[in-house]
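The values are calculated or read from the model by the stated rules, or taken from the named source; none is laboratory data. None of the values given here were measured: they were computed from a predicted structure. Cβ atoms come from the backbone with ideal geometry, glycine included; neighbour counts cover every protein chain shown. SASA here: full protein model, heavy atoms, side chains in, ligands and nucleic acids out. Shrake-Rupley method; radii C 1.70, N 1.55, O 1.52, S 1.80 Å.
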Amino acid sequence: MVEVEERDGQTSPLLTDSASSSANSHNNSIKRTGTVWTAIAHIITGVIGSGVLSLAWSVAQLGWIAGPICMVMFGIITIISSNLLCNCYRYPDPEVGHIRNRSYAEAVRSYLGKKNMWVAGSFLQESYFGYGTAYTITSAISMRAILKSNCYHKKGHNAPCEYGENLFMLIFGAVQVLFSQIPDFHNMELLSIVAAIMSFAYTFIGLALGFAKVVEDGEIKGDITGVSTATTAQKVWLSSQAIGDIAFAFTYNIILLDIQDTLKAPPPENKTMKKASATAILITTFFFLCCGCFGYAAFGNQAPGNLLTGFGFYEPYWLVDFANACIVLHLVGGYQIYSQPLFAVAERWISNKHPNSEFVNKERRIKLPLLPDFKLNLLRLCFRTAYVASTTGLAILFPYFNQVLGVLGALNFWPLAIYFPVEMYLAQNNIRAWTGTWTVLQAFKIFCLLCTILALVGSLEGLISNKLS
């Protein structure tokens, strides 16, 4: 039986001033039940993703000194940036401001105006789309690795166990079409918790396998300067690509305010979010260091691009299979963590443009035997299906794990994790030019910009070289 009911009216404060007041009244009617623990689960689901699997390779390119220092540096930068951004959830006051900024773009509009909001919005939508593409590539690699692991176990490590990736990308895309029908972030707590558990599971396994191999070999492999190359240019390209991979592994600021919007108050949301963010980043930095360093210690300069699918580890094959299954399950949730904010902005915009459209604003309540009621909205079904299809198609076109991660990390790190949070902080606190705080923050921006340019150039070179070869 199908029942039709009106969808909650949602207008986008990103579009018109008249929409802003109605959107904020809608915001205030939402029941927010999130806690510091659910926020930590969301953050870990967003941070510990496909990026962690490339860290052993990244340390191999940078070496024993620069590799760990880079990871610690990006962890510190992420905590600083997150603390700046947490204060932008409410406007004009970070604790008692009457306007809630439900997303990153809304915060930019509140503090920096419409023009900056459109620039930030462009980077945001590209970033969300990029994460969906990267997660599709990673899940396909992990599904293929399960088949290869079983094949190697049965036929030997030199057996021609080759499987294509396109079918697995299509399977992952089909699964995401279903999960994309989850209405919004407020309905994702259980999925995030499961995904966070899965991320801890495969991270622990990667860490344990690396440690066990170091003990078995009785030596710590690797060099101070990392992988040797034929030319200095190659070393620069690979090192800069590694920096891009590390940046990709840490960046989650684009979903910080979406997560903060799920928190209950009191205490003030910014205080809860700062505690959750610092805790989650410290935990993930520890695991990143362990995975990257133990992976490099185990394989040295031969560290695979993807720690659990590059087949440095063949046995125990069942544990490798389980780890890759955990990766796939985690990325199902991770894909949604980075897609739901894009869905929300696009659908609010369409709803505002077509307030009387049944296709856009009506939901059909579907009752299936032995299952809970399910609300189907035709706009949600069509738009989100098309979105998943597009990320799947791009992943099939550019299935290069390390290079794609490097480009995405470098492209989005500086504008979204550094520039806009710093500018919003300066505007919020009315900090004048050439004061001590202003000078320090400008130096911080310039340093991070140089790192970003270096990483982007190297990652693009790697992506183009692989596509043309």
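May I ask you to list the lysines whose Cα is less than 20 Å away from that of LYS221, ignoring any residue fewer than eight positions away on the same chain? Within the straight-line limit of under 20 Å, LYS221 reaches these lysines: LYS213, LYS235. Of the trypsin sites (Lys or Arg not before Pro) in the range 326-393, which ones lie in a loop per DSSP and count no more than 16 other C-beta atoms within 10 Å? Passing both the DSSP loop test and the Cβ count: LYS367. Net length available on complete extension from VAL72 to ASP223 is 52.5 nm, with 0.36 nm assigned per residue and the Cα-Cα distance removed.
Each distinct pair of alpha carbons in the chain adds a 1/r term; the inverse of their mean, the Kirkwood radius, is 22.9 Å.
Rolling a 1.4 angstrom probe over the protein heavy atoms with all chains in place gives the range 339-469 an accessible area of 48 Å² per residue.
Calculated accessible area for the range 54-203 comes out at 39 Å² per residue, all protein chains present (probe 1.4 Å; ligands, DNA, RNA ignored). Only protein heavy atoms count here; under a 1.4 Å probe, MET143 has an accessible surface of about 40 Å². Here the extension length gained between LYS115 and ILE197 equals 25.5 nm, from 0.36 nm per residue of separation less the Cα-Cα distance. Please report the spacing between the Cα centers of the range 49-81 and the range 315-378 in Å, no decimals. Centre-to-centre (Cα) distance: 31 Å.
Can you find, among ILE65, GLY173, GLY121, the residue sitting farthest towards the positive end of the charge dipole of the range 53-187, where Lys and Arg contribute +1 and Asp and Glu -1 at Cβ? Positive-most Cα among the choices belongs to GLY173. The residues packed around SER103, meaning those with a beta-carbon under 9 Å from its beta-carbon, carry a net charge of -2 if Lys and Arg are +1 and Asp and Glu are -1. Near ARG90, the amide H atoms lying under 5 Å from its own belong to ASN101; only residues 5 or more places off or on other chains count, and H is placed 1.01 Å from N. Normalising the average separation of contacting C-alpha pairs (under 8 angstrom, six or more residues apart) by the number of residues puts the relative contact order of the chain at 33 percent.
No disulfide-compatible partner, judged by a Cβ distance under 4.7 Å, exists for the following cysteines of the chain: CYS70, CYS86, CYS88, CYS290, CYS291, CYS293, CYS326, CYS382, CYS448, CYS451. If you take all other residues with their beta carbon under 14 Å from the beta carbon of TYR296, and give Lys and Arg +1 and Asp and Glu -1, the sum is -2. Placing +1 on the Cβ of every Lys and Arg and -1 on the Cβ of every Asp and Glu, with no other charges, gives the chain a dipole of roughly 520 debye about its Cα centre. Spin-label pair ALA230-SER122: with each label point 7 Å from Cα along the Cα-Cβ axis, the two points sit 3.9 nm from one another. Entry note, the range 101-216: relative contact order of 15 percent, from Cα contacts under 8 Å with a spacing of 6+ residues. Among the chymotrypsin sites (Phe, Trp or Tyr not before Pro) within the range 263-333, those in coil by DSSP and having at most 13 neighbouring Cβ atoms inside 10 Å are TYR314.
Would you calculate, for the chain, the mean residue ellipticity at 222 nm contributed by helices, counting each DSSP H stretch of 4 or more residues as -39,500 (n - 2.57) and dividing by all residues, to the nearest 500? So the calculated ellipticity at 222 nm is -23500 deg cm²/dmol.
Taking 7 Å steps out from each Cα toward its Cβ at PHE444 and ASN166 produces label points 4.8 nm apart.
Can you list the lysines whose alpha carbon is less than 26 Å from that of LYS114, not counting same-chain residues fewer than 8 positions off? Filter leaves LYS353, LYS445. The accessible-area ordering, largest first, of the residues TRP237, TRP118 stands as TRP118, TRP237, per a 1.4 angstrom probe.
Taking every alpha-carbon pair under 8 Å whose residues sit at least 6 apart, the range 313-455 reaches a relative contact order of 13 percent.
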